[in-house]
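Novice: The following block contains the structure, expressed as structure tokens.
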Amino acid sequence: MSNATTDAPAEGAVTTHVASGVATVRFGHPKGNSLPGALLRRLADAVRAAGEDPAARVVVLASDAGPAGRAPWCAGASFDELVAISEAGDRAAGREFFSGFARVIRAMQRCPKFVVARIHGKVAGGGVGLAAAADYAIAVEGASCKLSELAVGIGPFVVGPVIERKIGLAAFTAMAVDADWRTAAWAHQHGLYARVVPDTAALDAAVDALAARLAASNPEAMADIKRVVWEGTEDWDALLAERADVSGRLVLSDFTRRAIAAFKNG
């Protein structure tokens, strides 16, 4: 069984395929699998729908590797949308955009099924938040990661709570302060990735094997484990809304406007 939603290539796409108890939710965008607001909404909806689908017992979150297989897993927030929001000076639009990441994170947390992230390449910015929100992430050795927000005058505010919860305050602070690439081995050591494999062939084998085992496991037990894992996040709707407002304000600051202009023109 499969169902898919297809969008204009420039806007990116989200598709869902369900087979043998596994729902594979795949997102893609031509600019490094970045995430504009519309794509974030579709991704949150797809994860939510997979969680409600009785034919699915586990969810795999994947992204398009591109024709050459070299696209990043996720480049984070859409830079084009950040530019448009900054130039328009629209704080409400900024808050709404960053709230999109909150919706995806909350959909992943609230999904009563385990979410397994299949990470085939580099992960930046908000993408690190999605990796952290997964219940189990398997990545290739080349899947380095970084929090790039400070470089453009903002910060990892919305994704911060889920990253900190996954890797700890010290490691999260290091990523937020020193916005440079960290290896997949570092991400594995600190718990962002549960497992690292040599290449995409090994990645597919590992994800398929785990998904098959989970699809054959007790759904009630898995839902209870997931509930226990995410205990203490019940107030995150308010927390992430507040963080989205901080990001929406900062994206309009003079410093951020200059930083974004420099990136755009450089």
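Novice: Relative to the compact globular guide of 2.2 N^0.38 Å, what is the alpha carbon radius of gyration of segment 101-255, as a ratio?
Specialist: Working: Rg = 16.0 Å, N = 155, 2.2 N^0.38 = 15.0 Å.
Here the answer is 1.07, to two decimals.
Novice: Might you report the magnitude of the Cβ-based charge dipole of segment 1-140 about its Cα centre, with Lys and Arg at +1 and Asp and Glu at -1, to the nearest 20 debye?
Specialist: Working: 15 positive and 12 negative charges, 85 e Å.
In total the dipole reaches around 400 debye.
Novice: Another one. For segment 97-106, in order, what is each residue's ³J(HN,Hα) by Karplus, 6.51 cos²θ - 1.76 cosθ + 1.60 with θ = phi - 60°, in whole Hz (x at glycine and Pro)?
Specialist: 4, 5, 5, x, 5, 4, 5, 5, 4, 5
Novice: Name the residues whose placed amide hydrogens come within less than 5 Å of the amide hydrogen of Val197, ignoring near sequence neighbours (fewer than 5 apart) on the same chain.
Specialist: Ala139, Val140, Glu141
Novice: Students often forget the sequence filter, so: which lysines lie under 27 Å Cα-Cα from Lys226 once same-chain residues fewer than 8 apart are removed?
Specialist: Lys113, Lys122, Lys146, Lys166
Novice: Another one. Over the Cα atoms, compute the radius of gyration (one decimal) and Dmax (the largest Cα-Cα distance, rounded to a whole number) for the chain, in Å.
Specialist: 17.4, 54
Novice: Right, something else. In the chain, if the dipole is taken from +1 on Lys/Arg beta carbons and -1 on Asp/Glu beta carbons about the Cα centre, which of Leu214, Ser86, Trp181 is farthest to the positive end?
Specialist: Trp181
Novice: Here is a follow-up. Which shape class applies to segment 39-163: rounded if a/c is under 1.5, otherwise prolate when a/b exceeds b/c and oblate if not, where a ≥ b ≥ c are the square roots of the Cα gyration tensor eigenvalues?
Specialist: Working: a/c = 1.88, a/b = 1.31, b/c = 1.44.
Verdict is oblate for segment 39-163.
Any read-out appearing in this document is the output of simple, stated calculations on the displayed coordinates, not a laboratory observation. What you see is a predicted model, and the numbers here were worked out from it, not measured in a lab. Because the Cβ atoms are built from the backbone with ideal geometry, glycine has one as well, and the counts that use them run over all protein chains shown.
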